[in-house]
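Below: one structure, written as structure tokens.
The values are calculated or read from the model by the stated rules, or taken from the named source; none is laboratory data. Here the structure is a predicted model, which is why all the values come from computation and not from measurement. Neighbour counts run over all protein chains shown; Cβ positions are idealised from the backbone, glycine included. The area values use the complete protein model at the heavy-atom level, side chains included, leaving out ligands, DNA and RNA. Shrake-Rupley method; radii C 1.70, N 1.55, O 1.52, S 1.80 Å.
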Amino acid sequence: MTGTDTSDLAALRPRLPSPVQELTDGRFERHGVRLLLKRDDLIHPELVGNKWRKLAPNLTAADGRTVVTFGGAYSNHLRAAAAAGRLLGLPTVGVVRGQELAGRPLNPSLTRCAADGMRLHFVDRSTYRRKAEPETLAALLRAVDAEDAVVVPEGGSNAEAVRGCRALGEELGGHADVAAVACGTGGTLAGLTAGLPRGRRSLGIPVLRGGFLDGDIRRLQDRAFGGPRGDWSLDDRFHHGGYARTTPELDAFAEDFERRHGLPLERTYVAKLLYALLRLAEEGAFPRGTTLAAVVTGRPFP
């Protein structure tokens with residue numbers, strides 16, 4: 001394949017719009033809240049959830065060139081980018097945080113990336129933090145022999161991705177009063193919010209510590225749309241220790257949810273989102289009669 005265009009992506013047969021599933025759960029119902037699941041995890045078997053929405057516009061822009069992107073050792077984004085490269089015939093390079101990992105056996109996540117043809121380049125954490133600086137980025141591209149590559153940021157969140165996620169809000173607009181999503185880099189929330197109709201709002205549950213996402217989301221909307229769009233808020237209380245970390249309380253909640261509803265919960269994002277929504281419902285954060293939609297952005301790996 002010498003280029004990537006919209007028809008190439010359509011040939012992958014994404015399931016769009018993704019299904020909306022109503023969940024019967026007495027714990028929400030006793031607070032007058034109707035819970036819907038927006039099943040973005042069913043969009044594509046390998047490019048699941050918001051990864052499809054964020055990667056598709058970036059892959060179209062690549063037009064056959066190498067795609068260089070970034071992530072940690074267990075990055076869902078790296079796995080999705082590697083799978084997309086294999087499916088579309090695009091060369092991919094993953095810049096991985098942690099030089100100390102270079103001499104170790106690959107974990108299952110990075111093994112999948114390599115099996116899908118992604119070249120892995122490990123960098124120290126100081127360099128990784130500076131990856132967006134022009135001089136550091138240029139040096140990284142030289143190091144992987146891909147100076148003319150299309151660069152997709154960590155998590156896939158750039159203006160193209162944010163505009164791609166706007167469709168998520170458009171799909172949900174007629175279904176829910178509040179649309180909620182777990183946040184890593186904030187790109188999905190930035191686009192989702194822009195797609196919601198007037199009078200509907202979005203809620204982001206950050207899965208990282210630090211309280212930095214507010215400014216990042218504003219900057220992403222500025223780049224994608226030229227200014228702020230929609231009504232959104234964040235609740236930083238439910239990260240359970242930080243990215244890819246969990247707690248016994250979260251694990252117990254997820255296991256109970258799986259028994260109740262037969263839906264395996266991805267722990268890094270989806271379990272934290274649903275845990276947060278139940279706690280917020282118990283706190284009275286949603287007026288009685290609210291229809292709440294939770295975006296299922298992924299499923300457990302492997």
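At a glance:
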{"quantity": "Criterion violated by S18 - all others in (1) modelled with pLDDT under 95; (2) under 27 Å from S109 (Cβ atoms) satisfied", "calculated": "(1)"}
{"quantity": "Verdict on N76 being modelled with pLDDT under 95, under 30 Å from P287 (Cα atoms) and buried (at least 23 other Cβ atoms within 10 Å of the Cβ)", "calculated": "no"}
{"quantity": "Candidate set: segment 116-153, residues that are over 22 Å from K51 (Cβ atoms) and among the basic types (K, R); chosen: the one least open to solvent (accessible area, probe 1.4 Å)", "calculated": "R130"}
{"quantity": "Any hit, segment 95-107, residues being crowded, with 20+ Cβ neighbours inside 10 Å and within 24 Å of L265 (Cβ to Cβ)", "calculated": "no"}
{"quantity": "Residue in segment 234-253 that is in contact with an Asp or Glu (Cβ under 9 Å, 6 or more places away or on another chain), assigned to a strand (DSSP E or B), open to solvent by 10 Å² or more (accessible area, probe 1.4 Å) and not hydroxyl-bearing (S, T, Y) present", "calculated": "yes"}
{"quantity": "So G164, is it in contact with a Lys or Arg (Cβ under 7 Å, 6 or more places away or on another chain) and not aliphatic (A, V, I, L, M)", "calculated": "yes"}
{"quantity": "Yes/no for G155 being at positive phi and touching a Gly at 6+ places or on another chain (Cβ under 9 Å)", "calculated": "yes"}
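Okay, residues lined up against (1) open to solvent by 20 Å² or more (accessible area, probe 1.4 Å); (2) among the hydrophobic types (A, V, I, L, M, F, W, C):
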| site | (1), (2) |
| --- | --- |
| K38 | no, no |
| L47 | no, yes |
| L59 | no, yes |
| L87 | yes, yes |
